[in-house]
Amino acid sequence: MPTSKKGDGRSLPDAVSAVGMRKSYGDKVVLDGIDLHIPAGTVFALLGPNGAGKTTAVKILSTLVTADAGDLHVDGHNLATDPQAVRAAIGVTGQFSAVDGLITGEENMLLMADLHHLSKQEGRRVAAELL
């Protein structure tokens, strides 16, 4: 797994390392062998035209969608074997506010529980506990 050097010379896992990331929906290939290395401690922007696969790549790297192939790591954690550690290490938000003014606070918490792949029962338990 690729690593980055800190200012003091210590090695850190790359924030993101993707080798051969692939994803298809039926016959439609949306990512075809993407390689991406983002060193720890850097600022990175993912830019491209509509349909380039940006959203799919982010969904894969945040464990919302499973890749068809690739050696994928976030903060040193393998997406295929330790997705819960990846979820614990990251935060993801869309371009619009994550809190929808049309739904309640509890509904927002249940949405976040679903995004963290909690069962409905566990999501309701955690939301009730936090509320």
For Asp100, indicate whether it is modelled with pLDDT under 85, in contact with a helix residue (DSSP H, G or I) (Cβ under 7 Å, 6 or more places away or on another chain) and either closer than 21 Å to His116 by Cα or hydroxyl-bearing (Ser, Thr, Tyr) (or both).
yes
Of everything in region 38-92 that's at positive phi and touching a residue at least 40 places away in the same chain (Cβ under 8 Å), which residue is surrounded by the most Cβ atoms within 10 Å (Cβ to Cβ)?
Thr63
Against the definition (closer than 18 Å to Gly91 by Cβ and at pLDDT 90 or above), how does Ile60 come out, yes or no?
yes
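The values are calculated or read from the model by the stated rules, or taken from the named source; none is laboratory data. Predicted model, so just to flag it, every value in this text is computed and none were measured. So basically every Cβ, Gly included, is an ideal-geometry build from the backbone, and we count neighbours across all protein chains shown.
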